[in-house]
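Notes to accompany the following structure.
The values are calculated or read from the model by the stated rules, or taken from the named source; none is laboratory data. All values reported here derive from a predicted model rather than from experimental measurement. Positions of Cβ are backbone-derived with ideal geometry, glycine not excepted, and every protein chain shown enters the neighbour counts.
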Amino acid sequence: MRPEERIFVALDTPERERALDLAARLAGKVGGFKVGLEAFVALGPSIVHDIAASGLPVFLDLKLHDIPNTVAGAAASASRLGASFLTVHALGGVEMMRRAVEAFPSASILAVTILTSHDDESLRRLGIAGPPGDAVVVPGIRPAGSAENDQARIATPAAAVRAGADRLVIGRPITQAADPAAAAEEIAREIARG
(Lines give C-alpha, C1' and ligand atoms only; values in the text may rest on other atoms or scores of the structure.)
Protein backbone atom coordinates (compact mmCIF):
# COMPACT_ATOMS: atom_id res chain seq x y z
CA MET A 1 0.00 0.00 0.00
CA ARG A 2 1.38 3.41 -0.95
CA PRO A 3 1.85 5.86 1.96
CA GLU A 4 -0.86 8.26 0.78
CA GLU A 5 -3.38 5.40 0.56
CA ARG A 6 -3.01 4.89 4.32
CA ILE A 7 -4.32 8.39 5.09
CA PHE A 8 -8.04 8.89 5.72
CA VAL A 9 -8.89 12.55 6.30
CA ALA A 10 -11.43 13.32 9.02
CA LEU A 11 -13.97 15.68 7.50
CA ASP A 12 -15.23 16.83 10.90
CA THR A 13 -17.20 19.90 9.92
CA PRO A 14 -20.87 20.91 10.01
CA GLU A 15 -20.43 22.76 6.69
CA ARG A 16 -21.34 20.76 3.55
CA GLU A 17 -19.36 22.97 1.17
CA ARG A 18 -16.23 22.77 3.34
CA ALA A 19 -16.45 18.96 3.51
CA LEU A 20 -16.99 18.63 -0.24
CA ASP A 21 -14.26 21.17 -1.01
CA LEU A 22 -11.76 19.30 1.17
CA ALA A 23 -12.72 15.99 -0.47
CA ALA A 24 -12.24 17.49 -3.93
CA ARG A 25 -8.89 19.10 -3.04
CA LEU A 26 -7.55 15.95 -1.40
CA ALA A 27 -8.81 13.30 -3.85
CA GLY A 28 -5.78 11.52 -5.26
CA LYS A 29 -3.58 12.67 -2.38
CA VAL A 30 -5.13 10.46 0.34
CA GLY A 31 -6.70 7.03 0.59
CA GLY A 32 -10.17 8.07 1.74
CA PHE A 33 -12.30 10.22 3.99
CA LYS A 34 -13.82 9.82 7.43
CA VAL A 35 -17.30 11.16 8.12
CA GLY A 36 -17.86 11.34 11.86
CA LEU A 37 -20.71 12.33 14.13
CA GLU A 38 -20.37 16.10 13.69
CA ALA A 39 -20.67 16.01 9.90
CA PHE A 40 -23.21 13.17 9.86
CA VAL A 41 -25.57 14.82 12.34
CA ALA A 42 -25.21 18.30 10.81
CA LEU A 43 -25.35 17.30 7.16
CA GLY A 44 -27.33 14.08 7.12
CA PRO A 45 -26.68 10.72 5.50
CA SER A 46 -26.43 12.27 2.03
CA ILE A 47 -22.96 13.61 2.89
CA VAL A 48 -21.64 10.03 2.85
CA HIS A 49 -23.01 9.48 -0.64
CA ASP A 50 -21.72 12.85 -1.85
CA ILE A 51 -18.19 12.22 -0.56
CA ALA A 52 -18.18 8.65 -1.87
CA ALA A 53 -18.76 10.21 -5.29
CA SER A 54 -15.10 11.34 -5.12
CA GLY A 55 -14.26 7.72 -5.91
CA LEU A 56 -12.43 7.20 -2.63
CA PRO A 57 -13.59 5.05 0.29
CA VAL A 58 -15.63 6.63 3.05
CA PHE A 59 -15.08 5.65 6.68
CA LEU A 60 -18.38 6.23 8.49
CA ASP A 61 -17.30 6.77 12.10
CA LEU A 62 -20.48 6.62 14.18
CA LYS A 63 -19.26 4.26 16.93
CA LEU A 64 -22.63 2.54 17.03
CA HIS A 65 -23.43 1.22 20.50
CA ASP A 66 -26.90 -0.09 21.20
CA ILE A 67 -28.77 -3.37 21.40
CA PRO A 68 -27.83 -5.82 18.61
CA ASN A 69 -31.08 -5.39 16.66
CA THR A 70 -30.82 -1.60 16.61
CA VAL A 71 -27.16 -1.64 15.52
CA ALA A 72 -27.97 -4.20 12.82
CA GLY A 73 -30.66 -1.87 11.48
CA ALA A 74 -28.33 1.11 11.53
CA ALA A 75 -25.58 -0.89 9.81
CA ALA A 76 -28.04 -2.02 7.12
CA SER A 77 -29.01 1.63 6.57
CA ALA A 78 -25.33 2.63 6.38
CA SER A 79 -24.80 -0.04 3.73
CA ARG A 80 -27.01 1.92 1.35
CA LEU A 81 -25.00 5.13 1.73
CA GLY A 82 -21.80 4.07 0.00
CA ALA A 83 -19.51 3.74 3.02
CA SER A 84 -16.67 1.22 2.93
CA PHE A 85 -15.92 1.25 6.68
CA LEU A 86 -18.23 1.57 9.68
CA THR A 87 -17.36 1.81 13.37
CA VAL A 88 -19.17 0.21 16.26
CA HIS A 89 -18.22 0.47 19.92
CA ALA A 90 -16.78 -2.80 21.22
CA LEU A 91 -18.47 -2.31 24.59
CA GLY A 92 -21.72 -3.17 22.80
CA GLY A 93 -20.59 -6.79 22.89
CA VAL A 94 -19.82 -9.63 20.54
CA GLU A 95 -23.44 -10.22 19.49
CA MET A 96 -23.89 -6.56 18.57
CA MET A 97 -20.69 -6.58 16.52
CA ARG A 98 -21.66 -9.86 14.80
CA ARG A 99 -25.04 -8.44 13.83
CA ALA A 100 -23.40 -5.31 12.38
CA VAL A 101 -21.13 -7.47 10.21
CA GLU A 102 -24.09 -9.55 9.02
CA ALA A 103 -26.12 -6.43 8.20
CA PHE A 104 -23.30 -4.74 6.26
CA PRO A 105 -21.14 -7.55 4.85
CA SER A 106 -19.54 -5.43 2.12
CA ALA A 107 -17.97 -3.04 4.65
CA SER A 108 -15.12 -3.38 7.06
CA ILE A 109 -16.71 -3.14 10.49
CA LEU A 110 -14.22 -1.63 12.92
CA ALA A 111 -14.65 -1.94 16.69
CA VAL A 112 -13.57 1.02 18.79
CA THR A 113 -12.38 -0.07 22.22
CA ILE A 114 -11.21 3.05 24.06
CA LEU A 115 -11.52 6.62 22.77
CA THR A 116 -8.22 8.40 22.15
CA SER A 117 -9.28 11.15 24.56
CA HIS A 118 -9.04 8.74 27.51
CA ASP A 119 -5.96 8.32 29.67
CA ASP A 120 -5.30 6.14 32.73
CA GLU A 121 -7.07 8.51 35.13
CA SER A 122 -10.22 9.03 33.06
CA LEU A 123 -10.59 5.26 32.59
CA ARG A 124 -10.17 4.70 36.32
CA ARG A 125 -12.95 7.21 37.01
CA LEU A 126 -15.16 5.23 34.62
CA GLY A 127 -14.42 2.01 36.49
CA ILE A 128 -12.20 0.51 33.81
CA ALA A 129 -9.06 -1.05 35.27
CA GLY A 130 -5.65 -0.96 33.63
CA PRO A 131 -3.93 1.39 31.25
CA PRO A 132 -5.53 2.23 27.87
CA GLY A 133 -2.67 0.50 26.07
CA ASP A 134 -3.99 -2.84 27.30
CA ALA A 135 -7.27 -2.34 25.40
CA VAL A 136 -6.41 -0.31 22.31
CA VAL A 137 -4.50 -0.68 19.05
CA VAL A 138 -4.10 2.74 17.42
CA PRO A 139 -3.80 6.03 19.37
CA GLY A 140 -4.63 9.45 17.97
CA ILE A 141 -2.42 10.23 14.97
CA ARG A 142 -0.43 13.45 15.02
CA PRO A 143 2.45 14.23 12.64
CA ALA A 144 5.75 15.11 14.28
CA GLY A 145 5.50 18.59 15.80
CA SER A 146 1.67 18.79 15.75
CA ALA A 147 -0.44 19.88 18.68
CA GLU A 148 -2.01 17.08 20.70
CA ASN A 149 -5.33 18.95 21.02
CA ASP A 150 -7.80 16.69 22.85
CA GLN A 151 -5.88 13.46 22.23
CA ALA A 152 -4.58 11.83 25.41
CA ARG A 153 -2.57 9.17 23.57
CA ILE A 154 -0.84 9.99 20.29
CA ALA A 155 1.65 8.52 17.84
CA THR A 156 3.24 9.84 14.69
CA PRO A 157 1.98 8.39 11.41
CA ALA A 158 5.25 6.49 10.88
CA ALA A 159 5.18 5.03 14.41
CA ALA A 160 1.57 3.91 13.98
CA VAL A 161 2.38 2.14 10.70
CA ARG A 162 5.42 0.47 12.29
CA ALA A 163 3.13 -0.74 15.09
CA GLY A 164 0.82 -2.38 12.54
CA ALA A 165 -1.78 0.23 11.57
CA ASP A 166 -2.72 0.00 7.92
CA ARG A 167 -4.94 3.09 7.72
CA LEU A 168 -4.61 6.31 9.70
CA VAL A 169 -7.42 8.78 10.37
CA ILE A 170 -5.94 12.26 10.48
CA GLY A 171 -8.04 15.41 10.81
CA ARG A 172 -6.90 18.80 12.04
CA PRO A 173 -3.24 18.54 10.96
CA ILE A 174 -4.58 18.34 7.38
CA THR A 175 -7.95 20.10 7.44
CA GLN A 176 -6.73 23.12 9.40
CA ALA A 177 -3.49 23.50 7.44
CA ALA A 178 -3.08 26.53 5.19
CA ASP A 179 -2.63 24.06 2.32
CA PRO A 180 -4.41 20.77 3.14
CA ALA A 181 -3.05 18.99 0.06
CA ALA A 182 0.54 19.92 0.94
CA ALA A 183 -0.03 18.80 4.54
CA ALA A 184 -1.34 15.41 3.34
CA GLU A 185 1.64 15.02 1.02
CA GLU A 186 4.07 15.78 3.86
CA ILE A 187 2.38 13.19 6.07
CA ALA A 188 2.67 10.63 3.26
CA ARG A 189 6.40 11.44 3.03
CA GLU A 190 6.70 11.04 6.82
CA ILE A 191 5.09 7.59 6.55
CA ALA A 192 7.44 6.64 3.69
CA ARG A 193 10.50 7.76 5.66
CA GLY A 194 9.36 5.88 8.77
Please enumerate the residues belonging to region 136-172 that are modelled with pLDDT of 75 or more and touching a helix residue (DSSP H, G or I) at 6+ places or on another chain (Cβ under 6 Å). Pro157, Ala158, Val161, Arg167, Leu168
Quick one: which residue in Ala52, Ala90, Ala27, Ala72 is farther than 21 Å from Asp166 by Cβ and in contact (Cβ under 8 Å) with a residue 12 or more places away in the chain? Ala72
Scanning region 1-51 for residues that are of a type in the set (D, E, K, R) and in contact with a strand residue (DSSP E or B) (Cβ under 9 Å, 6 or more places away or on another chain), the one farthest from His89 (Cα to Cα) turns out to be Lys29
When you check Ala178 against the structure, is it surrounded by 15 or more Cβ atoms within 10 Å (Cβ to Cβ) and modelled with pLDDT of 75 or more, yes or no? no
